[in-house]
There are 2 protein chains.
Amino acid sequence: MRDFSQDHRWLSLNTATIRKSGGKDLPLPDIIEACVRRGIRAISPWRDQVHAAGLAEVSRLVRTHGLELSGYCRGGMFPAADAAGLKAARDDNRRAVDEAAELNAKCLVLVVGALPGALQGKPAHKDIALARSQVRDGIAELLDYARQARMPLAIEPLHPMYAADRACINTMEQALDVCDELDPRRTGEPASLGVAVDVYHVWWDPKLQAQIARAGRDRLLAFHACDWLTPTTDLLNDRGMMGDGVIDIPRIRGWVEAQGFDGYSEVEIFSTGNWWQRPHEEVLDTVIARHKTAV
Amino acid sequence: MRDFSQDHRWLSLNTATIRKSGGKDLPLPDIIEACVRRGIRAISPWRDQVHAAGLAEVSRLVRTHGLELSGYCRGGMFPAADAAGLKAARDDNRRAVDEAAELNAKCLVLVVGALPGALQGKPAHKDIALARSQVRDGIAELLDYARQARMPLAIEPLHPMYAADRACINTMEQALDVCDELDPRRTGEPASLGVAVDVYHVWWDPKLQAQIARAGRDRLLAFHACDWLTPTTDLLNDRGMMGDGVIDIPRIRGWVEAQGFDGYSEVEIFSTGNWWQRPHEEVLDTVIARHKTAV
């Protein structure tokens, strides 16, 4: 297992972490500048942040600074209530692949979606099996496109508390079942289809260690770190700083690295009430410190 | 599958549902009276409510009215940070078995506990595997005691969002693994060890149907209904009224009844911001109506 205690060379910043500074929106170029100044070598930006700054400009900044992208956030949201919605999702996911390729991301992270309309508080139906079927079909189709672009797709199992509105793939086992069905021969180098392991979403799973072993090096495309707070006061925006919660992050990282994973450890914190209210410089300095002691 | 649309003969009320009326505490005798007046034939009371009213008095009321108990809430909370804590949990669980037997409950529901201290915001450690080991040992020991009292133990897998502070058994598969380990021959009639299926906790699980079939009639000791709201605004106290959320409750009830389950359907709603603020008569009437249309 790699020693993270001496430096932060394997730290990547998911740019949602400092999406806000002192409660105000912080543009992606400013986020990149703050990372570069601290020797952070990799980021994982969100599409809305990239679009706001302009893909060409972000691509230029990334290349100028020699930044790597541990992932691109995010594709997915496959289910829809009608054919037009399914087509719109397909087209948007292809654009996400293209953007990820332009930015030379290690993978496109997929938050696969769930019951159509649920995120807006108006679920079109209650058939989660149907949503899962649409997710499977959506990934199958996107996989062909992504292979041509040589862009690995990383299915991110989301915590079951997001099963209704954000992602109906909720365990590593379920994600790997999809991988094995759609890509049984584990094609590509790096793999064309795999998973993103976010400790926040999977830490509770009694089968986690076994499923990480099942994934193996080729299906482990990304590793995300943050912490689970007790109490957790918000289902979405109360992700904790590493070390402030109950997840034994080094243990999980050990399982992942035992499979040969040698990529970045991506820090991803959404925190409406806490970190997003603080100056981003303080947040970044804390992320760097905690990455040494708690990841 | 039983037809619930014509009457509410298979409705049981978990008494947490009207723990408060108009925002104020409602004593268990008043809850019982309100149930009896509406022809509700079964309840599942919480221990703190029973203790407040007095076990003997509650026992008298239950017998006088011919009420059944679909379960008794609750035993569990096995993990502890030291030997004294483990012993205290053991002793308290034995008292819970005794109380359940006095009230002639169908089963003692087990919310098994998780990281010691986490519920108070001060987790003693981060070793969920240790907590799970203590849970296994605690159930094993309690099972001997419960068998003598002829009181079935129903492990309730809790939603993974409670893995840190309330229950580290989080899927039906995990609960049934414990059942199979501790009671491989499925002893007792009714079974001495099984599960409580609460749709709120397990609806998201892609393996739910298969695990219900694995459980079979003898391990299916209780069925709990409420709904998952989108959005859910609180991790504990935002359980929805049946029909207000996204759970396909009849589908899950169908899976359970296909195994031969013919017990009560227990309605259990915690709702700080909504139902607990309303008059309990309104809540009960709504429960009865929704039990006909959405369960």
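Each 5 Å bin, from zero up to the one with the longest distance, holds this percent of the alpha carbon pairs of the stretch B:147-286: 2, 10, 19, 21, 19, 14, 9, 5, 1, 0. For the pair A:GLN120 and A:ASP91, label points projected 7 Å from Cα toward Cβ lie 1.7 nm apart. Between B:ASP177, B:ASP82, B:ASP30, the residue with the greatest mean-square fluctuation in the GNM of chain B (Cα pairs under 10 Å linked by springs) is B:ASP82. Computed about its Cα centre, the charge dipole of the stretch A:147-295 is approximately 380 debye, with only Lys, Arg, Asp and Glu carrying charge at their Cβ. Percent relative contact order of chain A, based on C-alpha pairs within less than 8 angstrom and at least six residues apart? Once divided by the residue count of chain A, the mean separation gives 21 percent. Rounded, prolate or oblate: which one fits chain A, using the alpha carbon gyration tensor with axes a ≥ b ≥ c (rounded when a/c is under 1.5, else prolate when a/b beats b/c, else oblate)? Cα axes put chain A in the rounded bin. For the stretch A:155-209, trypsin sites (Lys or Arg not before Pro) meeting the loop criterion (DSSP other than H, G, I, E, B) and having at most 10 other Cβ atoms within 10 Å: A:ARG185. For the peptide A:242-252, the mean number of other protein chain Cβ atoms found within 10 angstrom of a residue's Cβ is 3. When only alpha carbons are used to place a centre, the stretch A:171-220 and the stretch B:39-118 end up 41 Å from one another.
Once the Cα atoms are used to define both axes, helix B:280-293 deviates from the longest principal axis of chain B by about 90 degrees. Compared with the dominant principal axis of the Cα atoms in chain B, helix B:249-258 is inclined by about 60°.
I'm a student and want to see the number: the projected area of the Cα convex hull of the stretch B:171-210, averaged over all directions, in nm².
The number I arrive at for the stretch B:171-210 is 3.0 nm².
Go ahead and run the numbers for FRET between B:ARG185 and B:ASP7, Cβ-Cβ distance against an R0 of 51 Å, rounding to 0.05. E(calc), rounded to 0.05, equals 0.85.
Rounded to the nearest 20, the size of the Cβ-charge dipole of the stretch A:232-292 about its Cα centre is 140 debye, with Lys and Arg at +1 and Asp and Glu at -1.
Normalised by the number of residues in the stretch A:89-237, the average gap of Cα pairs under 8 Å and 6 or more apart makes the relative contact order 23 percent.
Considering only B:HIS201, B:TRP228, B:ALA149, the residue lying farthest towards the positive end of the dipole of the stretch B:144-229 is B:ALA149, judged by Cα position with unit charges set on Cβ. I'd like the antiparallel share, as a percent to the nearest 5, of DSSP beta bridges with both residues in the protein assembly as shown. If we restrict to bridges inside the protein assembly as shown, about 10 percent are antiparallel. Distance distribution note for the stretch A:145-196: the fraction of Cα pairs above 19 angstrom is 30%.
Charge dipole of chain B (Cα centre as origin; +1 on each Lys and Arg Cβ, -1 on each Asp and Glu Cβ, all else neutral): 220 debye, rounded to the nearest 20. How many Cβ atoms of partner chains, on average, are near each residue of B:47-57 if near means within 10 Å of its Cβ? Rounded to a whole number, the mean comes out at 0. DSSP finds beta bridges in the stretch A:134-262, and of those with both partners inside it, around 10 percent are antiparallel. Excluding residues fewer than 8 places away in the same chain, name every one of the lysines whose C-alpha is closer than 27 Å to that of B:LYS20. Within the straight-line limit of under 27 Å, B:LYS20 reaches these lysines: B:LYS106, B:LYS292.
Normalised by the residues of the stretch A:57-164, what does the relative contact order come to in percent, with Cα pairs under 8 Å and at least six apart? 31 percent.
Taking chain B as the reference, fit the longest principal axis to its C-alpha atoms, fit the long axis of helix B:28-37 to the helix C-alpha atoms, and give the angle between the two in degrees, 0 to 90, nearest 10. So the inclination is approximately 50 degrees.
Protection proxy ranking for B:146-153, A:234-241, B:39-46, using the average of other Cβ atoms within 10 Å per residue and placing the highest first: B:39-46, B:146-153, A:234-241.
Using the Cβ-Cβ distance between A:LYS24 and B:ASP234 with R0 set to 30 Å, the FRET efficiency works out to roughly 0.60. Of all DSSP beta bridges confined to chain B, the antiparallel ones make up roughly 10%. Kindly identify the protein assembly as shown as rounded, prolate or oblate by the Cα gyration tensor criterion: order the square roots of the eigenvalues as a ≥ b ≥ c, call it rounded if a/c is under 1.5, otherwise compare a/b with b/c, prolate if a/b is larger, else oblate. Verdict is prolate for the protein assembly as shown.
Ranking B:ALA124, B:THR286, A:GLN134 by how far each Cα lies toward the positive end of the dipole of the protein assembly as shown (charges on Cβ) leaves A:GLN134 at the top. A helix-only calculation puts the protein assembly as shown at -12500 deg cm²/dmol for mean residue ellipticity at 222 nm, using -39500 (n - 2.57) for each DSSP H run of at least four residues, averaged over all residues. For the segment B:159-166, counting C-beta atoms of other chains within 10 Å of every residue's C-beta and taking the mean gives 6. The average projected area of the stretch A:88-230, computed from the convex hull of its Cα atoms over all directions, is 9.0 nm².
Computed across the stretch A:250-293, the Kirkwood hydrodynamic radius from all distinct Cα-Cα pairs reaches 12.2 Å.
The numbers here are math on the coordinates, done by the rules we state, and not lab data. Since this is a predicted model, take the numbers as computed values, not measurements. Positions of Cβ are backbone-derived with ideal geometry, glycine not excepted, and every protein chain shown enters the neighbour counts.
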